[in-house]
Each structure stands twice: as structure tokens, then as C-alpha cells.
Amino acid sequence: MTYARFSLLDRREFLTKMGAAGAVATIALNETGSLFATAPAASPISLPPLPYAQNALAPVITENTISFHYGKHHQAYVNNTIKMIAGTELEKAGLEEIVKRTAGRSDQASLFNNAAQVYNHNFFWDSMKPGGGGEPRGKMADKINESFGSYQKFVEAFSSAAASQFGSGWAWLVQEGGKLKVVKTSNAETPLTTSAKPLITIDVWEHAYYLDYQNRRADYIKAFVEKLLNWDFAGKNLV
Ligand code: MN
């Protein structure tokens, strides 16, 4: 008996057993016949890099807040989503597809909550930039004036929606039927599942502002609108 023959038999028997067990881990044999586990295939769901440094929004939003909000909360939504789709028909689905296909389904509430929070946070980081805020220019300015009457009226509508969202949630500037409007959503709910196209969002969950502003949500909203709001991103989202 040669070593090679034993090795082949062992390998065949092992792979048969693994197949029968429906093993989750990916097992491979290298050229010398030794066994090693490979990393699972990359999920289409991941934590995207922040579009700026973690301290770039300070002092409006501090590095401390971003480190928890992005590094812990957002990361947890990503991790939970990947775990929940593993081995299901949504394993290879894109994020938006997962959110749309699980929306409104009570048996998929946990996956929806996590996936929609991944989507909402991805959108939120892009909704801000260092040195942002203030009045938009060009086409966005025209759209704001057409839809709200003036920039100031937009600020009132957006700030009021963000301040009045009871408990956790989001306020959004969206485009629907050619017009812009402000909507708010609770918990993980998102306009992505509606006919409205999201343009900008602000996270008003307490984890978004409590370390910096404690109970003063209105101050956080005012600072977001005046100093961070990314009109370039909003403009790119216009249909
Ligand atoms: Mn958040």
C-alpha cells in the first residue's frame, strides 16, 4: 500500500461524508492531499468604507460617535444580515433586493430590519460631507424652490420631520412624481420600498447623536442641515 492510495481513498470517503452532511464550511484539499478550510465565498453584503475619515465631520459629529455608529452599530447590521442570508435563497442577492423582498413580511422582519439598516446607513454616510450644508446650487436649488417654495421652507419641513419622528427612525428628502418632498420612517423602514426615490437622509436614532448632543436632537438636526448635508449626493440621486 502506498501513501498516495490511502490518501485518495480517505479523500473520497471524506468528501462523500461532507456532502451527505450538507456541511456549511468550504473544504478543499491541496496538491499534497492535506486538508485545509478556505474562507467562505465573499458575500455581496459588506460594510462599505466611509467616504471620509472618522474624524472628518467633527465637531458636528465627533470621531467617538462615528466609531460606535459606523464601527459597531452599522457593522453589526452587516454581520447580522450576512448570517441570516447564509444558506438561504437570498445568499447571493444584492442589498436592495433583500430589502425589497423582505419588506412587509412578518416572517422576515428580523432580516428586513438588519438589511434595511445597512442600506439606510450606507445612504446616511453619503448624505453628509465635511464642509457641507447650507443652500444648494444649480438644479437642486431649482428643485427645492419648485417643491417647497424656498430653501428656508425646505429646512423647516426637513427639520420638523426629523425632530418629530417619535422614537428611532429617519427623515428623508425624496423625489416622487417629479417633485421633492420630506418623509419620515420609523426604525429600519426606508423609502426604498416605496415609489419615492431617496435623495438624502438623516439618522435620528439616539445612537446617531446621543454621545455628542444627549437629548438635544434639534441641535443635531440643525448642525446636520447647516454644516454637513451633502447636496452633491442629493443631486446625483435626482431622476
Ligand atoms: Mn444609526
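The values are calculated or read from the model by the stated rules, or taken from the named source; none is laboratory data. Treat the numbers as computed from the prediction; the structure is a model and nothing was measured. FYI the Cβ positions are ideal-geometry reconstructions off the backbone, even for glycines, and counts take in every protein chain you see.
The residues on offer are LEU111, LEU57, and the sole one that is crowded, with 17+ Cβ neighbours inside 10 Å and either in contact with a strand residue (DSSP E or B) (Cβ under 7 Å, 6 or more places away or on another chain) or within 22 Å of PHE158 (Cα to Cα) (or both) is LEU57. All of (1) of a type in the set (Gly, Ala, Ser); (2) in a loop (DSSP other than H, G, I, E, B); (3) in the same structural domain as ASN122 (by TED's automatic domain parsing) hold for ALA76 with one exception: (2). Within segment 72-88, the residues that satisfy the criterion of being over 12 Å from the mean Cα position of the chain (by Cα), away from the ligand (no atom under 12 Å from the Cβ) and surrounded by fewer than 16 Cβ atoms within 10 Å (Cβ to Cβ) are LYS83, ALA86, GLY87, THR88.
Name the single residue, out of those in segment 140-170 being in contact with a strand residue (DSSP E or B) (Cβ under 9 Å, 6 or more places away or on another chain) and in contact (Cβ under 8 Å) with a residue 40 or more places away in the chain, that is surrounded by the fewest Cβ atoms within 10 Å (Cβ to Cβ). Working first, answer last.
So the first thing to find is which residues in segment 140-170 are in contact with a strand residue (DSSP E or B) (Cβ under 9 Å, 6 or more places away or on another chain), and the list is 140, 143-144, 146-148, 154, 157-170.
Narrowing further to those that are in contact (Cβ under 8 Å) with a residue 40 or more places away in the chain: 140, 143, 158-159, 162-163, 170.
Values: MET140: 21, LYS143: 21, PHE158: 22, SER159: 18, ALA162: 25, ALA163: 15, TRP170: 29.
Here the residue is ALA163.
Residues are listed down the side, and each one gets a yes or a no for (1) assigned to a helix (DSSP H, G or I); (2) in contact with a Lys or Arg (Cβ under 7 Å, 6 or more places away or on another chain); (3) assigned by TED's automatic domain parsing to the domain that holds ASN113; (4) not small (Gly, Ala, Ser):
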residue	(1), (2), (3), (4)
LEU180	no, yes, no, yes
THR201	no, no, no, yes
LEU211	yes, no, no, yes
ALA218	yes, no, no, no
ILE221	yes, no, no, yes
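Of all residues in segment 163-174, one or more are away from the ligand (no atom under 14 Å from the Cβ), in a helix (DSSP H, G or I), in the same structural domain as LYS143 (by TED's automatic domain parsing) and not basic (Lys, Arg). If I ask for residues that are of a type in the set (A, V, I, L, M, F, W, C), farther than 15 Å from SER43 by Cβ and part of a helix (DSSP H, G or I), which ones from segment 100-129 would you list? ALA109, PHE112, ALA116, PHE123, PHE124, TRP125 - these are the residues of segment 100-129 that are of a type in the set (A, V, I, L, M, F, W, C), farther than 15 Å from SER43 by Cβ and part of a helix (DSSP H, G or I).
Every residue, every condition in (1) within 12 Å of the ligand (Cβ to nearest atom); (2) on the phi > 0 side of the Ramachandran plot, yes or no:
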| site | (1), (2) |
| --- | --- |
| GLY177 | no, yes |
| SER186 | no, no |
| LYS197 | no, no |
| HIS207 | yes, no |
| ARG217 | no, no |
| PHE224 | no, no |
